[in-house]
Amino acid sequence: MLATFSASIYADSTPYYQQILDRLKTDDTVLPWMPEGVQDIAMMFNRETPIPPQCYTDSNSVHNPCYVCHQDEIPGRENTKNDRELQEAYSFSDQGLTNHWFNLFEDRSARVNAISDQDILAYIDQDNYTELKQRLIDANFTGWIPDLKDLEKGAAAFDSEGFALDGSWWVAFNYKPLPTTFWPTNGSTDDVMIRLPAIFYKTSEGSFSRDVYKANLALIEANIKGKNTMSALTFNEQVINVDLNGDGQLTTAVSEVNAQREHYVGMANNVDLIPFVYPQGTEFLHTVRYVGFDEAGDISISTRMKEVRYMVRELQSRHFQLEHWYIEENLEKEEGNLPTYINKGHDGLSSKFGWNITGFIENKNGRLRWNTFEENVFCMGCHTSIGSTIDKTFSFPRKIDGATGWGYINLKGMRDVPNMGETKTEIQTYLERVGGGTEFRSNPELEARYYHADGSVNTVALASAQDVHDIITPSRGRALQLNKAYKVIVEDQDFIYGRDATATPPARILSVVDNETSPTLAEDRQFDWNIVLDWSQAALNSCNFVGDIDFSQLSEAHEVTLKSLTEFDTTCTDGSITLSGDLKVVLESGFTPEPGDIFTIITADSVTGSFANVELPGFSDGQFEVIQTATSVSLHVVPSSTQIPLSGLFLLSSILALLGVVASRPKIN
């Protein structure tokens, strides 16, 4: 049963949402208190909860963080929301004109500063997941109960192919976080797992089969992404008794499927492959976590979970049905009706599109509890009413393609590839369009890293990032601050006012919107966008960045730090680099290069120009020579006792110049 008590104990003037909030601040139960006999929408503080806080970002008539969510339909897909016009102008209901996400405007810096680093590190390292299952059982909870053992351990809960070690058939996949809510630099890390119904991992005779599951997972991935073929975790066609790679025989080790077929395989051989629609019974498990640190001190997931989110496709939907519901939803909005959802009690909330959504969030003591009705409504907007998703999902369409994308999320080594139809990498494109680094256009650290003072993107800095992890993770100091800021919200339990981890109010947020007078975007600042990524570019490109770079954009010296022979700053692009300005190289304390060491600090398809001045550190028994070729710049360490005389250096330079190589002897401090 829901934890309900008579609302008469409160004064009639106390709103129901406040009564609930008061109890959340005192109770330690797994099921939150709700007033008895009260209509669910009457318990809400914000009837426009489906409008997320990011929608109140000030575009300043130039910047566009909205394109990632609001798009017109892509031919063949099920999503016909067609809300691209929302990029142009705000279009809120009367209740939505006021920004009800009050936590955005709260300065919690004093409380954040009162939390020590040691305390927050200890807090985020605690396991609040394991006990949740038994607490829900003890409370007679009848909805979905988390059933993936050891999930608090992250990657350690899965094998190398992403399969849960507990045999629950949950499978983890590696995906690129959607810009920018789940970029760690904005305060959260996360992971997502998928599980298909049992018939998808059983043979046609009814035996459990990992081979069948691998084949069906590849088929569903190809189907959701609209691809004819998809690489797969190696499986045995003879177990499935279907020629899935189209080679005319049943092969024992197959690593690709042809998805141009009508049905799935195994016991699911009668289930239709409906284009861009998941089969009935598909489940997703999503945990939202603090920004943690691995053993090396690098940004990683935390043990503690902020939230555990769950969604399941309860009803099978076909395109004509979904199109009807989109039309009806748009008509209801035009008539001024506010969003409504089907309340299924412990099973969560459902929409006409066929998905049930529920979840758990931290209580005042940091223990996970079931969401309140309004907290659950918060999740419904993004998984129901925006035009960019594929069958209401974000992460799975952004999974690294095929076999290499199965396994626990790992941003290290992940390339910043473009979206389908784009030429520039996704993050560069996003930064150029948004003008602030995040949906709120307010992340000082990210802006300092990747923007110049005039607001243009620092492509030298982007090309110096080795992977997605480098770009979207925060410094240790910022990570700790954001963790503390969120813990303050946990203590207040006022998630209905917002759950964004901010220590001080973001500067570019509107408190009130006027549909008629608020800033609008010109047509050339509105963009088409495909949520699916072009992962083929990761194999085609040798660098994390693609495009031409001119160092004249820098107002200060280009600084390179050498930490070890294998760890040093590099700039790499699949494009051209034009050098100018100054180069400054710094040795990290404790590291001394040795003669023979080579540090390639710049790599490109072509390198032209030169640095006007080069400043290098001095060290015992050696010095640097800067060697520039047509495609690179390297630092070579030569013995100080055998320094090349100026006449010899001139002769060497002349010879190397004929070979397209430039050598220089910079000044040494």
- [ ] Distance between Cα centroids, the stretch 262-299 to the stretch 347-375: provide it in whole Å.
- [x] 19
- [ ] Grab the eigenvalues of the alpha-carbon gyration tensor for the stretch 47-113, scale each by 5, take roots, and send me the semi-axes largest first in whole angstrom.
- [x] 29, 14, 13
Open item on the list: I need the calculated FRET efficiency for the pair N82 and T517, taking r as the beta carbon distance and R₀ as 25 Å, to the nearest 0.05.
Closed with: 0.50
Open item on the list: What is the sum of charges, Lys and Arg at +1 and Asp and Glu at -1, for the other residues whose Cβ falls under 15 Å from the Cβ of P197?
Closed with: -1
- [ ] Using just the alpha carbons, could you tell me how many Å³ per residue the convex hull of the stretch 5-151 encloses?
- [x] 242
Open item on the list: For the stretch 554-621, which GluC sites (Glu not before Pro) pass both filters: DSSP loop (anything but H, G, I, E, B) and at most 15 other C-beta atoms within 10 Å?
Closed with: E556, E567, E588
Open item on the list: Can you tell me the orientation of helix 373-382 relative to the chain, as the angle in degrees between its alpha-carbon axis and the longest Cα principal axis, to the nearest 10?
Closed with: 50
TODO: Provide the FRET efficiency to the nearest 0.05 for the D150-K227 pair, computing r from the beta carbons and using R0 = 41 Å.
DONE: 0.80
TODO: Pop the C-beta distance of D127 and T578 into the FRET formula with R0 = 51 Å and round what comes out to the nearest 0.05.
DONE: 0.45
Task: Selected from N46, N60, G590, residue furthest toward positive end of dipole (the chain; charges at beta carbon) - done: G590
Open item on the list: Just the number please: accessible area per residue for the stretch 552-618, 1.4 Å probe, all protein chains included, in Å².
Closed with: 48
- [ ] Round to the nearest 10 and give me the degree value, 0 to 90, for the angle of helix 210-225's Cα axis relative to the longest principal axis of the chain.
- [x] 80
Task: Distance histogram for the stretch 164-286 (every C-alpha pair counted, 5 angstrom bins, percent rounded to whole numbers) - done: 2, 11, 20, 22, 19, 12, 7, 4, 2, 1, 0
Open item on the list: Using only the alpha carbons of the stretch 159-222, what is the convex hull's orientation-averaged projected area in square nanometres?
Closed with: 5.4
Open item on the list: Can you tally the net charge around I409? Count Lys and Arg as +1, Asp and Glu as -1, for every other residue whose Cβ sits under 12 Å from the Cβ of I409.
Closed with: +3
Task: Close Lys-Lys pairs in the stretch 89-226, where close means Cα under 27 Å and separation is 8 or more or interchain - done: 13
Open item on the list: Just to confirm a number: summing +1 for Lys and Arg and -1 for Asp and Glu over residues other than L331 whose beta-carbon lies under 15 angstrom from that of L331, what do you get?
Closed with: -4
Task: Ellipsoid semi-axes in whole angstrom, largest first, where each is sqrt(5λ) of the Cα gyration tensor of the stretch 365-460 - done: 28, 21, 16
Open item on the list: Starting from 0.36 nm per residue, how many nanometres of slack lie between N343 and N613 once their C-alpha separation is accounted for?
Closed with: 90.5 nm
TODO: Enumerate the whole-percent occupancy of each 10 Å bin, from 0 to the last occupied one, for all C-alpha pair distances of the stretch 188-245.
DONE: 22, 49, 24, 5, 1
Task: Pairwise Lys count, the stretch 326-401 - Cα closer than 20 Å, eight or more residues apart or different chains - done: 5
TODO: Kindly sort E161, E323, E432 by accessible area of their heavy atoms, largest first, with the probe set to 1.4 Å.
DONE: E323, E432, E161
Task: Extended-chain gain in nm, criterion 0.36 nm per residue less alpha-carbon gap, E161 and R476 - done: 110.3 nm
TODO: Once you have the Cα-Cα distance between A507 and Q249, take 0.36 nm times their residue separation minus that, and quote the gain in nm to one decimal.
DONE: 86.6 nm
Task: Surface accessible to a 1.4 Å probe, S634 within the full protein complex, Å² - done: 10
Open item on the list: Quick check: Cα centre of the stretch 574-612 to Cα centre of the stretch 459-507, how many Å?
Closed with: 31
Open item on the list: Roughly how far apart, in whole Å, are the Cα centres of the stretch 107-125 and the stretch 400-457?
Closed with: 28
Task: In Å, descending, principal axis extents of the Cα set of the stretch 458-537 - done: 45, 43, 25
Open item on the list: In the chain, if the dipole is taken from +1 on Lys/Arg beta carbons and -1 on Asp/Glu beta carbons about the Cα centre, which of F293, S542, F373 is farthest to the positive end?
Closed with: F293
- [ ] Taking only the C-alpha atoms, wrap a convex hull around the chain and report its volume per residue in Å³ as a whole number.
- [x] 178
- [ ] Quote the charge dipole size of the chain about the Cα centre in Debye, to the nearest 20; the model charges only the Cβ of Lys and Arg (+1) and of Asp and Glu (-1).
- [x] 760
- [ ] Over 21 Å, how big is the tail of the calculated P(r) for the stretch 410-495, in percent of all Cα pairs?
- [x] 39
Task: Mean separation of Cα contacts under 8 Å (6+ apart) over length of the chain, as relative contact order % - done: 17
Task: Where the stretch 263-369 is the region considered: accessible area per residue in Å², 1.4 Å probe - done: 39
Open item on the list: What does DSSP give for the chain in terms of the percent of beta bridges that are antiparallel, rounded to the nearest 5?
Closed with: 75
TODO: Could I get the Rg over Rh figure for the stretch 81-211? Both from C-alpha atoms, Rh via Kirkwood, rounded to two places.
DONE: 1.07
Open item on the list: Residues of the stretch 354-372 with the amide nitrogen closer than 20 Å to a label point 7 Å from the Cα of T26, along Cα-to-Cβ, please.
Closed with: 363-367, 369-370, 372
Task: Apportionment of accessible area to carbon and sulfur, the chain, percent (1.4 Å) - done: 50
- [ ] Over the stretch 191-248, give the accessible area per residue in Å² for a 1.4 Å probe, as an integer.
- [x] 34
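The values are calculated or read from the model by the stated rules, or taken from the named source; none is laboratory data. Every value quoted in this text rests on a predicted model; they were computed, and no experiment measured them. Virtual Cβ from ideal backbone geometry, glycine too; neighbours counted across all protein chains shown. We work out accessible area using only protein heavy atoms, side chains counted, and drop any ligands, DNA or RNA first. Shrake-Rupley method; radii C 1.70, N 1.55, O 1.52, S 1.80 Å.
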